[in-house]
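*Asks:* Handing you a structure now.
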Amino acid sequence: MGNGDIELDADIVVVGAGMSGLYALKALRDRGFRVIVLERAPEVGGTWYWNRYPGARCDIPSLEYSFGFDPELEQEWEWTEHFAAQPEIERYLNHIADRYDLRRDIRLSTGVSAMTFDATTDTWVVDTETGERLRARFCVMATGGLSAPHRPDWPGLDTFAGEIVQTSLWPEDGVELEGRRVGIVGNGSSGVQAIPELAEVAGHLTVFQRTAAFTWPSQNRPLTEAEQAEVKSRYRELRAAQYASPLATAHTTGAVIFTFADPDKRILESTADEREAALAEHGFSAARIWGDAAKDLEANEMAVELFREMVRRTVHDPEVADSLCPKDYPIGCKRPVLDNGYFETFNRDDVTLVDLRKDPVVEVVPAGVVTASGTKELDVLVFATGFDAVSGALTRIDIRGTDGRLLRDEWTDGPRTLMGFAAAGFPNLLMIIGPGSVGVLATYPPHIELQVGWIADLLDHLRATERTCVEAEVEAQDAWCAEVEAAAAGSMFLAPNCSSWYNGGNIAGKARNLPIYLGGLDRYMARANEMAANGYEGFALR
Ligand code: NAP
């Protein structure tokens, strides 16, 4: 790449060595770019390094939640379960790092603290938490959509005499849990996965719940050799289906339904007998059959009532069951959660539910958590309280673009990008799974491959045409943001009472905004490819 007179440490700095960063390094190095990856963790793996809490598991089928860029990799890697557990995915990513000799360009334990665009040379100056400074032409942000941990600011938290851990920062050498009094806060995917596992080992488990969750039995199972062989025999066709589908899915090994099963079925027209029959046949999943619940709040409430009925039938103590019944938000507002015996766990004698809506937290003291009803004495306090999602990992870095403008300030009212790839005012900064893309909705590995491929083509094009700068144009960015907003209209993600990490409602002071394109990955990539074919329409190339 033409570096002019300035000395560059790399053509491209990639921030993050999780799934996105590893593949970006591979793909960009293959194109002949000099790449350096900076990673905060002491190991590669990103999400799958940090989230090593008991029960951590992916809820997308392994045979699809994997890369398709190399048929040999696909054939040689053996998944053991339908939904892989964290250690297996971490091993897979480490295997990729070794197999493609990626480690030589990755600097571990090197978090990025600041990035400053130097408009006089069209380069980025990247400062690390370890005091290093690097200069590169481009930065590719592979910082993840769910990687900036969020922890409530409870009064007295720092006085707690026991151990405080976060599911998303789980220590590598584990946490002593056996026989101890463990408390856990949070009932999203992380909490729901951890709770049954913690209950198995703790002396006593106290679950602090603010909002009851909708969770669906995961039906995880070992993968048989035969079904794995069958998928491997037609992987090209299945990957093609993933790349061309709205959510990068191919339903290889049984459908995972994150939406409602039958768009044409109307719960509003169902009879009580039909609903009862559905409960008998499908259990909790009965609530996800009727398609009118996807957009109609009255229909949705009927589906919610079916779910509540199933909770009441599963949980023995009526008061606990009532607390575990979601009451004030629709199915589809929050990310669906898959569980392994979550509700049954509350039938154990050594598990207590504290319903924070009825019994709020007052403070934390050395002995434990004080709620309105008294002190819950604890040895370990686990926070499964989620993330400053989608934009948080980017706004936590001091990213300064043209004229010193700070990305965090520019995004006070919500992130603004062109297709999630780039933001006006921040030249030569490209994002993978960025805000404004389909992002967290589509299966990550194939989605990452498509986005990284597009970015690699763009950087190739700049090199071939001897340009040193690419920037999103404001008008194109505004038009795209309007399109993202239009696609979200009427969706349950923005329903009244809906507060979630998708829409920023989980973080105090964060703008309510859905920076996720709901039009589907297929339409998104068609648009991205069309823009590329039109000479990167919407981007200024200089
Ligand atoms: P989350 O879905 O945001 O859930 C956080 C939980 O913490 C919620 O129950 C929330 O309650 C609670 N919470 C937050 N602040 C609180 C406070 N001050 N007091 C009491 N409770 C509080 O986070 P997550 O469970 O880590 O999951 C995030 C996403 O990561 C998932 O949706 C999924 O996309 C991904 N993930 C996937 C898997 C998987 O593949 N199976 C596993 C883990 C995570 P409110 O609802 O009241 O805010």
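The values are calculated or read from the model by the stated rules, or taken from the named source; none is laboratory data. No experiment lies behind these values; they were computed from the predicted model shown. Every residue, glycine among them, receives a Cβ derived from its backbone with ideal geometry; neighbour counts consider all protein chains shown. Keep in mind that these areas ignore ligands, DNA and RNA; they rest on the heavy atoms of the full protein, side chains included. Shrake-Rupley method; radii C 1.70, N 1.55, O 1.52, S 1.80 Å.
*Asks:* Looking at the chain, send over the antiparallel percent of its DSSP beta bridges, to the nearest 5.
*Replies:* 40 percent
*Asks:* First compute the accessible area of the range 36-140 with a 1.4 Å probe, then give the percent of it belonging to carbon and sulfur atoms.
*Replies:* Result for the range 36-140: 48 percent of the exposed heavy-atom area is carbon or sulfur.
*Asks:* Considering the dipole of the chain built from charges on the beta carbon (Lys and Arg +1, Asp and Glu -1) around the Cα centre, which of A17, T402, H204 is farthest to its positive end?
*Replies:* Towards the positive end, the residue furthest out is T402.
*Asks:* If I fit a long axis through the Cα atoms of helix 86-99 and take the longest principal axis of the Cα atoms of the chain, what angle between them do I get, 0 to 90°, rounded to 10?
*Replies:* Taking Cα atoms only, the helix is inclined about 20 degrees.
*Asks:* Which of the lysines could a cross-linker span from K265 if the Cα-Cα distance has to be under 26 Å and same-chain partners fewer than 8 positions apart are dropped?
*Replies:* Hits, sequence-local ones excluded: K295, K327, K334.
*Asks:* In straight Cα distance, which aspartates and glutamates are under 12 Å from K358, not counting same-chain residues fewer than 8 positions off?
*Replies:* E319, D322
*Asks:* Here is a follow-up. Can you give the charge dipole size of the chain about its Cα centre, rounded to the nearest 20 debye, using +1 on the beta carbon of Lys and Arg and -1 on the beta carbon of Asp and Glu?
*Replies:* With only Lys, Arg, Asp and Glu charged at Cβ, the dipole is about 600 debye.
*Asks:* Classify the range 7-77: rounded, prolate or oblate, from the alpha-carbon gyration tensor (a ≥ b ≥ c, eigenvalue square roots; a/c under 1.5 rounded; otherwise prolate if a/b is larger than b/c)? Don't skip to the end; give the middle numbers.
*Replies:* Details: a/c = 3.48, a/b = 1.39, b/c = 2.50.
It is oblate, given that a/c is not under 1.5 and a/b is not larger than b/c.
*Asks:* Expected output is a single nm value to one decimal: the length gained when fully extending between A482 and D328, i.e. 0.36 nm times separation in residues minus the C-alpha distance. What is it?
*Replies:* 52.5 nm
*Asks:* Please list 117-125, 35-43, 22-30 highest first by mean number of surrounding beta-carbon atoms within 10 Å per residue. Display every interim value, and only then the final one.
*Replies:* On the way: 117-125: 18.0, 35-43: 21.0, 22-30: 22.7.
Taking the mean over residues of other Cβ atoms within 10 Å, the ranking is 22-30, 35-43, 117-125.
*Asks:* For the ranges 8-19, 220-231, 289-300, what's the packing order if you count other beta-carbon atoms within 10 Å of each residue, average per peptide, and put the highest first?
*Replies:* Ranked by mean Cβ neighbours within 10 Å, highest first: 8-19, 289-300, 220-231.
*Asks:* What are the semi-axes of the equivalent ellipsoid for the range 1-159, taken as the square roots of 5 times the Cα gyration tensor eigenvalues, largest first, in whole Å?
*Replies:* 30, 24, 11
*Asks:* Sequence-distant or interchain residues sharing an amide H contact under 5 Å with V354, placed H: which?
*Replies:* Sorted by chain and number, the residues that satisfy this are V207, F208, Q209.
*Asks:* If I take every Cα pair under 8 Å that is 6 or more residues apart in the chain, average their sequence separation and divide by the length, what percent do I get for the relative contact order?
*Replies:* Details: 1114 pairs, mean separation 106.4, N = 542.
Worked out over the chain, it gives 20 percent.
*Asks:* Follow-up. Determine the calculated [θ] at 222 nm for the chain from helices alone, applying -39500 (n - 2.57) to every DSSP H run no shorter than 4 residues and normalising by the residue count; nearest 500 deg cm²/dmol.
*Replies:* Result for the chain: -9000 deg cm²/dmol, rounded to the nearest 500.
*Asks:* Residue by residue through the range 300-314, what is 3J(HN,Hα) from phi via Karplus (6.51 cos²θ - 1.76 cosθ + 1.60, θ = phi - 60°)? Round to whole Hz and write x for glycine and proline.
*Replies:* Computed from phi, the couplings for the range 300-314 are 4, 4, 5, 5, 4, 5, 4, 4, 4, 4, 5, 4, 4, 6, 9 Hz.
*Asks:* So, in nm, how far is label E163 from label E319 when the simple model puts each one 7 Å beyond its Cα toward the Cβ?
*Replies:* For the pair E163/E319, the computed spacing is 3.2 nm.
*Asks:* What are the ³J(HN,Hα) couplings of the range 149-162, residue after residue, when phi is run through the Karplus curve with 6.51, -1.76, 1.60 and θ = phi - 60°? Round to Hz, x for glycine and proline.
*Replies:* Calculated HN-Hα couplings, in order: x, 10, 9, x, 9, 6, x, x, 3, 6, 8, 4, 7, x Hz.
*Asks:* Classify the range 427-496 from the C-alpha gyration tensor, please: rounded if a/c falls under 1.5, else prolate or oblate depending on whether a/b exceeds b/c.
*Replies:* On the way: a/c = 3.66, a/b = 1.65, b/c = 2.22.
Here the range 427-496 falls in the oblate category.
*Asks:* Additional query: Report, by chain and number, residues whose modeled amide H sits under 5 Å from the one on L338, excluding near sequence neighbours (fewer than 5 apart, same chain).
*Replies:* For L338, the qualifying residues are W216.
*Asks:* Per residue, what accessible area does the range 1-117 have, given a 1.4 Å probe and all protein chains present, in Å²? If you can, show how the numbers build up before the last one.
*Replies:* Working: 4080 Å² over 117 residues.
Result: 35 Å² of accessible area for each residue.
*Asks:* Say a paramagnetic label sat at a point 7 Å from the Cα of A540, along Cα to Cβ; which residues of the range 432-468 have their backbone N under 13 Å from it?
*Replies:* No residue passes the distance filter.
*Asks:* For the range 287-400, which whole-number percentage of the solvent-accessible area (1.4 Å probe, protein heavy atoms only) is attributable to carbon and sulfur atoms? Provide the component values of the computation, followed by the final result.
*Replies:* Numbers: 2260 of 4470 Å².
The C+S portion of the solvent-accessible surface of the range 287-400 is 51 percent.
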